[in-house]
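K.L.:
Take this structure first; my questions come after.
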Amino acid sequence: MTRPHAQTLLIALALAVAPLQASTPPEGFVALFNGTDLSGWHGNNPHDTAKAPDRDKSLQEQANAFVKSWKAVDGELVNDGTGPYATTDKEYGDFELMLDFRLSPKSDSGIYLRGVPQVQLWDTTEAGGSWKHGADKGSGGLWNNGKAGAPGRDPLVYADRPLGEWNTIRIRLIGSQTWVWLNNQPVVDGIPMRNYWSKGKTPLPARGPIHLQTHGGETRWRNIFLREIGAEEANKILNGSQPGEFTSMFNGKDFTGWRGACDKYAIDDSAIVSRGSGNLHTEKKYSDFVWKLEFKLPPGGNNGLAIRYPGSGDPSRTGMCELQVLDDSAPQHADLDPRQYHGSAYGKTAAARGYLRPLGEWNIQVVHVNGSHIDVELNGTPILDTDLSKITETMKGQFSQEIPPGGYLGFAGHGPGVAFRNLWIQELP
């Protein structure tokens, strides 16, 4: 039989080991905080840095302040409610982040993703003083997504534990698509996070650091784990299991349902691959729709998505538009008009750049056409949102401003090696 003092010793040993066990990352994750010091982190309040006349001086001042206001205590990262934000030394693209946090009265905190505010964390009690800003609805929302009622701004459910208790949050970010679970309850479900720094005019950066923001009161963090998400997994999540209203456009075996320059394309490993220049298009015409597809670019790859194409001529001039599919990084494409880069309505409207995956990886793109309006999402990030009927100036004045009500969909090849697969369409009423 174990004697009382031996039982006490066993309990003490178990408590001593517990923090080490708790800080072990789940499979596939790495620990961003080692539990003992501030390695891997530095201080940066991006709001102050952006306004500073001398950025380097501001960063140094914040680095000095960081070690005074942040410390590692018994496996916890603790901030006293002052000073710059804890910022990862490393930048991240697509990832899943897990961590625990504990707030004190009147504390107001948040998690900046790729350097952008923020997943909101705060004292949700009336005494906390932030009900006028929506704190009564709970933590976990994308508070900077806009005014009350904006998608994702407020959490779907109130999931906070009582103030002073530990909460667990999990965040998944792919492109700008954001999912948040607070204490195992979904509070944001695949909502695009708005880029606060550009007032939403440009998308979330493709990469950036993670900031742990704190002010107003002591905040504690622990078990900070991150898993980077690769292209294959990201595409699978973004594509999802296709709902009933989506239908396949390509059987993966032959050109059934397609016509045009079939001799300029080949089928390889369930993908349509361009072999030269030529327009391949559907047998069916479409008006308003959502088109999902994956594509892969070779070095210098050049193709396009023909939208409402009449079946003859240059799709960029005879159809609604050609959405450019291009290796933006190729030297021969260095000096193009902005309206010629990937995702742009060729010659008409420029798309945001910098969101293509490395050459040889599969990208996923969603094209939404409704009337004269078209928007494009690349790898989870909105890169084009335009009404072509409002375009008043085209590249060199060479492109029609007429909007055909319907037409074929297809590929406008301008050379070999560009591949397309997993083609899905949803027709809109």
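The values are calculated or read from the model by the stated rules, or taken from the named source; none is laboratory data. This is a predicted model, so every value here is computed, not measured. A quick note on method: Cβ atoms are made from the backbone with ideal geometry, for glycine too, and the neighbour counts reach across all protein chains shown.
K.L.:
Do we have any residue at all in the stretch 234-255 that's in contact with a helix residue (DSSP H, G or I) (Cβ under 8 Å, 6 or more places away or on another chain) and at pLDDT 95 or above?
P.N.:
yes
K.L.:
Next up: Working only within the stretch 404-429, note down all residues that are in contact with a strand residue (DSSP E or B) (Cβ under 8 Å, 6 or more places away or on another chain), part of a loop (DSSP other than H, G, I, E, B) and not small (Gly, Ala, Ser).
P.N.:
Pro404, Pro405, Leu428, listed by residue number.
K.L.:
Out of the stretch 185-202, which residues are in a loop (DSSP other than H, G, I, E, B) and either touching a residue at least 24 places away in the same chain (Cβ under 8 Å) or not assigned by TED's automatic domain parsing to the domain that holds Gly152 (or both)?
P.N.:
Met193, Arg194, Asn195, Gly200, Thr202
K.L.:
In addition: Only residues that are of a type in the set (Ser, Thr, Tyr) and under 31 Å from the mean Cα position of the chain (by Cα): list them for the stretch 256-281, please.
P.N.:
Across the stretch 256-281, the qualifying residues are Ser270, Ser274.
K.L.:
Let me ask something additional. All but one of (1) surrounded by fewer than 18 Cβ atoms within 10 Å (Cβ to Cβ); (2) assigned to a strand (DSSP E or B) hold for Trp221; which doesn't?
P.N.:
(1)
K.L.:
Does Val180 satisfy the condition of being aliphatic (A, V, I, L, M), touching a residue at least 24 places away in the same chain (Cβ under 8 Å), in contact with a Ser or Thr (Cβ under 7 Å, 6 or more places away or on another chain) and not in a loop (DSSP other than H, G, I, E, B)?
P.N.:
No.
K.L.:
Is it true that some residue in the stretch 378-387 is part of a loop (DSSP other than H, G, I, E, B) and over 17 Å from the mean Cα position of the chain (by Cα)?
P.N.:
Within the stretch 378-387, not a single residue is part of a loop (DSSP other than H, G, I, E, B) and over 17 Å from the mean Cα position of the chain (by Cα).
K.L.:
Among what's in the stretch 349-373 and is not in a loop (DSSP other than H, G, I, E, B) and not polar (S, T, N, Q), pick the residue that is surrounded by the fewest Cβ atoms within 10 Å (Cβ to Cβ).
P.N.:
His373
K.L.:
Among the listed residues Gly141, Gly149, identify the single one that is touching a Lys or Arg at 6+ places or on another chain (Cβ under 7 Å) and either crowded, with 22+ Cβ neighbours inside 10 Å or modelled with pLDDT under 95 (or both).
P.N.:
Result: Gly141 is the single residue among Gly141, Gly149 that is touching a Lys or Arg at 6+ places or on another chain (Cβ under 7 Å) and either crowded, with 22+ Cβ neighbours inside 10 Å or modelled with pLDDT under 95 (or both).
K.L.:
With the condition kept exactly as written, say whether any residue in the stretch 143-151 is in the same structural domain as Ile210 (by TED's automatic domain parsing) and closer than 21 Å to Gly216 by Cβ.
P.N.:
Taking every residue of the stretch 143-151 in turn, at least one turns out to be in the same structural domain as Ile210 (by TED's automatic domain parsing) and closer than 21 Å to Gly216 by Cβ.
K.L.:
Out of (1) at pLDDT 95 or above; (2) of a type outside the set (S, T, N, Q); (3) crowded, with 18+ Cβ neighbours inside 10 Å, what's the single condition that is false for Pro315?
P.N.:
(1)
K.L.:
Pick from Asp37, Asp94, Asp54, Asp89: which is at pLDDT below 95 and not aliphatic (A, V, I, L, M)?
P.N.:
Matching residue, one of Asp37, Asp94, Asp54, Asp89: Asp54.
K.L.:
In addition: Looking at (1) at pLDDT 95 or above; (2) β-branched (Val, Ile, Thr); (3) assigned to a loop (DSSP other than H, G, I, E, B), which one does Thr82 not meet, given that it meets all the others?
P.N.:
Of everything listed in (1) at pLDDT 95 or above; (2) β-branched (Val, Ile, Thr); (3) assigned to a loop (DSSP other than H, G, I, E, B), Thr82 misses just condition (1).
K.L.:
Same structure again: Looking at Leu173, Leu226, which is the one that is part of a strand (DSSP E or B) and crowded, with 23+ Cβ neighbours inside 10 Å?
P.N.:
Residue meeting the stated conditions: Leu173.
K.L.:
Tally time: how many residues in the stretch 80-96 are crowded, with 17+ Cβ neighbours inside 10 Å and either more than 28 Å from the chain's Cα centre (by Cα) or outside the structural domain of Val30 (by TED's automatic domain parsing) (or both)?
P.N.:
Result for the stretch 80-96: 1.
K.L.:
Would you please name the residue that is nearest to Asp108 (Cα to Cα), looking only at residues in the stretch 152-167 that are buried (at least 16 other Cβ atoms within 10 Å of the Cβ) and in contact with a Leu (Cβ under 8 Å, 6 or more places away or on another chain)?
P.N.:
Ranking the candidates gives Leu163 first.
K.L.:
So, of the residues in the stretch 50-79 that are touching a Ser or Thr at 6+ places or on another chain (Cβ under 7 Å) and surrounded by 14 or more Cβ atoms within 10 Å (Cβ to Cβ), which turns out to be farthest from Gly217 (Cα to Cα)?
P.N.:
Top of the filtered list is Ala52.
K.L.:
Among the residues of the stretch 227-259, how many are free of Cβ contacts under 8 Å to residues at least 60 places away in the same chain, in contact with a Leu (Cβ under 9 Å, 6 or more places away or on another chain) and not hydrophobic (A, V, I, L, M, F, W, C)?
P.N.:
1
K.L.:
In addition: What are the residues in the stretch 349-371 that are out of contact with any strand residue (DSSP E or B) (no Cβ under 6 Å at 6 or more places or on another chain) and among the charged types (D, E, K, R), if any?
P.N.:
Scanning the stretch 349-371 gives Arg353, Glu361.
K.L.:
Please tell me if Ser176 is in the same structural domain as Ile224 (by TED's automatic domain parsing), over 28 Å from Ile364 (Cβ atoms) and polar (S, T, N, Q).
P.N.:
no
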